[in-house]
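Below is one structure, written out as C-alpha cells, with a few remarks after it.
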C-alpha cells in the first residue's frame, strides 16, 4: 500500500519535470520526428493486420449469432461498425499498443538509465525527463487518434470481407454501417484514444525512468509497465464510458 | 577548486559517508581511492548532485552547490565534464553526434563551428576520422576516449571520472590516464578521478584521498603514498604482490 502510494507520488513528481518547456526547440523537433517514426509509423503494420482480422471475425460471429429471419442482413454491418468504433479500436488497440509501444518505451528509457545515459544528460544540465519523455507523450497523444481512425476503417473493411465470405451482400453491409449512425461515437472513441495514449506513454516512461540494476530489472520494469498500463486503461475505459455515454441522450 | 566539507550520507540506516571533507585542487589530478563499496562512487554522485546528502557543504570555486536551486545547479553542471564508468555514450547517436550534442544544446554555434570543435576534440583523443561510427562499433578504449572528447567539448572547468580504466587492458588504461592528466594540466581544470586501480594512482595521483568505510583515512600524493604508515591504506595499496615487491625495493 505504502509502496503503491510512493509510486503514485513519484509518478507525479516525474510528470512535473516532464511538463516543462523544451530547452532547445530544434532539438525537441528532431526528437519529436524521431518518436513519430519509432512509435507511430512502426505500429501501422500491426494496427492494419489486427484491425482487419478482428473486423472480419466480428462480422462472421455476428452472422452466425444473428442468423434468424428476425434480423436482416444489414444488422451484421451495424453491429460490426458499433463494435469496432466503440470498443475494439480504442480499447483493444490501446491494450495491444500498451504491449508493443509501452514495452519498447520502458526498455529504451530503462536501458538508458542503467547505462548511465540519463545521468550523462543530467550532468550536462539537461532536464532528462522532459528531453526523453515529453516528445513521446506528445507524439502519442497527437497521433494515436489517427491510428484509431485507421483501425476503424480497416476493421470495417475486414468486416465487409468477412461478411461477404458468409454471404452477406455488400449492399446490405453498407446499409448496416450507415443505419442510424451516431457521429458522436467516433468522438467518444477518439477521446478514449487520447487518454489511453497518455496512460501508455507516461506509465511506461515512469517504469523505465525509475529502472535500476541491469538487464533483468529492465525486463521486469517492461513487464510491470505493460501490466499496469493495461489495468489503468481498463479502469479509465469504464470511467470514460460511464461519464461520456451515460450522460448523453441520443 | 571543489571543496567538500563534513559530508554525511545515509542509505536507510546504513551510513555510507561519515564527515567527509576534502579539497580537490585546480590544475591537479585529484584521486579518490578505496575498496569497492567504500563510498567513492557515492561521493562522486553527491558532488554532481545526482544523490542528495544529509549534511555538509559542497562548493565549486566558492559557489555553494547544495544551496542552489535546480536551475542554478544545471548551470554549474554545464561547466562539468563527466566520464562515466561505461562511457554513457548515447547509443542512437554517432561519435560526431555524441560530441556535438552539448554544443547543440547550449551554444549558438553554426554547424561548421560545431564540426570544427568535434574534430578538434577527436584529434585531442587520437580518434580522427571516426566521426560516423556508432558506439556499438567502438572498442572499450575508444568508447572511453569518445566520452572524454564529449566531456571536454564544452571547455569544462571541472572533469569528473568514475573508474576510467575499468575493463580496459593495461596499455589502453595508461593511454586514458595520460590523456586525463594532459587535459587537466593543459586546460588548468579541476579533475577528480575515482579509481581503485593502483597503476593509475602511481601514474597520475597528484592529490589523493583514501576512503575507507565511508571516511577519509588518508590524504597525500603518490610519493607520500608509498611510505604512508596507515594500516588500512597499506593493506589496500599493497594488496598485490607486485606492489609489495616495489615497496621492498624502494
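Table for the structure above
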read-out	value
C-alpha long axis of helix A:25-35 to longest principal axis of chain A, angle in °	50 degrees
Translational diffusion coefficient (Stokes-Einstein; Kirkwood radius from C-alpha pairs) of region B:63-181 at 4 °C, 1.567 mPa s, in µm²/s	87 µm²/s
For chain A, average projected area of the Cα convex hull in nm²	15.8 nm²
Computed over chain A: relative contact order in percent, which uses C-alpha pairs under 8 Å that are six or more apart	34 percent
Residue order, fewest to most beta carbons within 10 Å, for B:192, A:137, A:152	A:137, A:152, B:192
Chain A: angle of helix A:184-209 to the longest principal axis, Cα-based, in degrees nearest 10	30 degrees
Helix-only [θ]222 nm of chain B, DSSP H runs n ≥ 4, -39500 (n - 2.57) each, per residue, nearest 500	-12000 deg cm²/dmol
Least to most buried among A:229, A:20 (fewest other Cβ within 10 Å first)	A:20, A:229
Length-normalised contact order for chain B - Cα pairs under 8 Å, 6+ apart - percent	28 percent
Gaussian network model of chain A, springs between alpha carbon atoms under 10 Å - residue of A:162, A:77, A:125 with greatest fluctuation	A:125
Computed log₁₀ I(q)/I(0) - Debye formula, equal Cα scatterers, no solvent, the protein assembly as shown, q 0.07, 0.09 Å⁻¹	-0.51, -0.73
Ranking of B:51, A:188 by count of other Cβ atoms within 10 Å, fewest first	B:51, A:188
Span from the region B:46-85 Cα centroid across to the region A:116-166 one, whole angstrom	36 Å
Approximate spin-label separation residue B:231-residue A:217, in nm, with each point projected 7 Å along Cα-to-Cβ	3.6 nm
Choice from B:139, B:153, B:166 showing the highest fluctuation, given a GNM over chain B with Cα pairs closer than 10 Å	B:139
Rounded to 10°, Cα long-axis angle of helix B:170-187 versus longest principal axis of chain B	80 degrees
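Readers should treat all values here as calculations from the given coordinates under stated rules, not as data from a laboratory. Keep in mind that this is a model prediction, so the values were computed, not measured. Because the Cβ atoms are built from the backbone with ideal geometry, glycine has one as well, and the counts that use them run over all protein chains shown.
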